Amino acid sequence: MTLRLALLAAPLALLAACGPAEKTPATSSAKPDATAQAAPEAARPADGSAVIKITPYVGGPLQVAAAGVGPITAATAFDQPTIQALFPKAVVKAAFIHVGDGPPGPIITVEQDNAPLLEIGKSADGGIAEIRLAAGDVRGPKGESLLAKWAALGFTRDQCRAGEGRTVNQTICVRPEAPTVSYVFGVPGWTKGGVPDEATLKAKGQLNEFVWRPAETAQVGAA
């Protein structure tokens, strides 16, 4: 009997020496998830390819390319805080614009250095429908600047069409390699509608505006 009690007492004494169980927060030596630590301006394309780093625009020439305008791409949300983050030195405002007889449409305007830079229109599905650039140091896909002459930019008349709505009596030209970018040319004194003859375009055509649209709307949108 004494031997049995001694055998039972030994494990109990050992447990008492260990004390009550405690829950300790788990620690891990694993590195933080790289995706969770990514900068806000980094985004992973839908096809799973490498992360594309978006650099906010702070000044200098603003590039208009087939893929977008400066830091704006087809994936950018139509959202004032988002645009403000991409243009941190600019004044970004929400507004409405009336075009024709339809209801006013929402836009976001971007001004920098006391000059208008962008007018961003909203699409029916809530994204960016178009971006208009009619002032400032803007560069087209081939480095073209506003106020450049039609004759100097290498277009042919068959790459152009007549403007409509906001661009009535102006001429809209598009390069095959950059179908998302429309070049809006004005011809002083032209009020006949349609596309002026080539001689008139060469003599008077002047680049007044760029209009960029996402690829899915570029082919059907009117500049």
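General remarks:
- Dipole magnitude (debye, nearest 20) for segment 48-216, charges at Cβ of Lys, Arg, Asp, Glu: 300 debye
- Listed residue (98, 55, 188) projecting farthest to the positive dipole end of segment 48-216, Cβ model: 188
- Values of log10 I(q)/I(0), in the order q = 0.09, 0.14, 0.16 Å⁻¹, for segment 48-216 under a Debye, Cα-only, solvent-free model: -0.31, -0.76, -0.97
- Rounded FRET efficiency, nearest 0.05, which uses the C-beta distance separating residue 199 from residue 77 and R0 of 45 Å: 0.50
- Most to least packed among 88-95, 134-141 [average Cβ atoms within 10 Å]: 134-141, 88-95
Rule-based calculations on the coordinates, nothing more; no lab input. Source: prediction; values computed, not measured. Every residue, glycine among them, receives a Cβ derived from its backbone with ideal geometry; neighbour counts consider all protein chains shown.
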